[in-house]
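Chemist: Pasting a structure below so you can have a look.
The values are calculated or read from the model by the stated rules, or taken from the named source; none is laboratory data. Values in this document were obtained by computation on a predicted structure and should not be read as measured data. Backbone-built Cβ (ideal geometry, glycine too); neighbour counts: all protein chains shown.
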Amino acid sequence: MSELAIVGCLMPTTAPSAVLLDPLVERYLTELRVEGGLATNTVEAYRRDLFRLQRYLLTQRLCMSDVVSSQAIRSFLALLKQESLAVSSVARILSAMRGWYRFLVRERVLEGSPLREVAVARRPVRLPKTLTRSEVIALLELPVRDRVEDQRDRVMLELLYASGLRVSELVGLTLSQVDLSLGCLRVMGKGAKERVVPMGQTARDLLREYLDHVRPTILRRRSTRVLFVSRRGRGLTRQACWKLLLQRARRAGITKSISPHMLRHSFATHLLEGGADLRAVQTMLGHADIATTQIYTHVERSRLKQVHREFFPRQLKRRKSNETKT
């Protein structure tokens, strides 16, 4: 047995409820965070999923670095199914397990992965929720109140939509990431990957006004590198951004459930509706795989089907016929 395998088994194996996470798993998670550049939330999700696997293996008197049969993995997945977990949740746990066993094979702890013969649960295609163009206009052109925070919020939402940012990317922006002369942002996205994103002329003008007048008023001679700040001179949280969006949406008469990510979805969908190239949208969103971006083409096809149902002459004729019968 290799040194890594021995380290991985240095843990109690009597009672599943009494154990900590396997030290070897902790090493793997540290590698994901430091070398892989994964976000903290992603690493913590992996931690929870692998701890779930560890608890199961302990009931089989196995540790995380032991040779595990494909049948044992299937039994574990069957237990997950009994817990009524969503298909997407099971698929995520499978992804965490695949990464873990790839790590063990790479470190020569195991010769092969027990998941080689296990089929991946297929995730249902869920179309991202978006705002219509009229809803976006109502939200972004909502009259600004006298409070400087309201002026700041207007700029934040304009930038969120105009650049397709994630809310974590928006609240994490610093002054050095903004280039008003070129009209773009240098954004640090998932996996610590930097990308350059255009912001559009409207967002550019509003941001210049914010930097010249609004931000200094909020800070009151205090200093910080963060772009969007609170009265306390600190950066805003994701939760604060979500809250201000909900408030502005209600004022704009938008009653549907809304989130900051819907503006990112709307950005991508509206670009594709306008004829933008899929690869260009992928670059602006910061997707590593174009398959992730292609979900927005499903949104466009869904919209076209709805238009067809509503306006195609044969559909109209059939609808009128049904109305006459009733």
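Chemist: Looking for whichever is basic (Lys, Arg), surrounded by fewer than 16 Cβ atoms within 10 Å (Cβ to Cβ) and assigned to a loop (DSSP other than H, G, I, E, B) here; the options are ARG55, ARG61, ARG48. Which one fits?
Modeler: On inspection, the qualifying residue turns out to be ARG61.
Chemist: Tell me, please, whether a residue that is assigned by TED's automatic domain parsing to the domain that holds THR293, of a type outside the set (Val, Ile, Thr), surrounded by 22 or more Cβ atoms within 10 Å (Cβ to Cβ) and under 20 Å from TRP242 (Cα atoms) can be found in the stretch 176-194.
Modeler: The answer is no, given that none of the residues of the stretch 176-194 is assigned by TED's automatic domain parsing to the domain that holds THR293, of a type outside the set (Val, Ile, Thr), surrounded by 22 or more Cβ atoms within 10 Å (Cβ to Cβ) and under 20 Å from TRP242 (Cα atoms).
Chemist: I've got another one for you. Would you confirm, using the coordinates I've provided, whether TYR101 is among the hydroxyl-bearing types (Ser, Thr, Tyr), modelled with pLDDT of 90 or more and either farther than 15 Å from LEU244 by Cα or not assigned by TED's automatic domain parsing to the domain that holds HIS265 (or both)?
Modeler: Here the answer is yes, as TYR101 does meet what is asked.
Chemist: Out of everything in the stretch 176-203 that is within 21 Å of THR224 (Cα to Cα) and among the charged types (D, E, K, R), what residue ends up being nearest to the chain's Cα centre (by Cα)?
Modeler: My answer is ARG186.
Chemist: Just wondering, is there one or more residues in the stretch 291-298 that are crowded, with 18+ Cβ neighbours inside 10 Å and either of a type in the set (Gly, Ala, Ser) or in the same structural domain as GLU169 (by TED's automatic domain parsing) (or both)?
Modeler: Yes, the stretch 291-298 has at least one match.
To keep it simple, each residue is scored yes or no on (1) touching a residue at least 40 places away in the same chain (Cβ under 8 Å); (2) within 29 Å of VAL34 (Cβ to Cβ).
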{"position": "THR130", "(1), (2)": "yes, no"}
{"position": "SER168", "(1), (2)": "yes, yes"}
{"position": "VAL187", "(1), (2)": "yes, yes"}
{"position": "LEU211", "(1), (2)": "no, no"}
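Chemist: For the condition over 19 Å from VAL118 (Cβ atoms) and in contact with a Ser or Thr (Cβ under 8 Å, 6 or more places away or on another chain), what is the one hit in LEU58, LEU21?
Modeler: Within the list LEU58, LEU21, the selection yields LEU58.
Chemist: Restricting attention to the stretch 258-274, which residues are assigned to a loop (DSSP other than H, G, I, E, B) and among the hydroxyl-bearing types (Ser, Thr, Tyr)?
Modeler: Hit for the stretch 258-274 is SER259, nothing else.
Chemist: Quick one: which helices (runs of 4 or more DSSP H) sit completely within the stretch 175-257 and have at least 1 residues that are within 18 Å of LEU142 (Cβ to Cβ) and at pLDDT below 95?
Modeler: Ranges flagged: 201-209, 238-251.
Chemist: With the requirement that a residue be assigned to a helix (DSSP H, G or I) and among the aliphatic types (A, V, I, L, M), what does the stretch 64-89 give you?
Modeler: Once the filter is applied, which keeps residues that are assigned to a helix (DSSP H, G or I) and among the aliphatic types (A, V, I, L, M), the stretch 64-89 yields ALA72, ILE73, LEU77, ALA78, LEU79, LEU80, VAL87.
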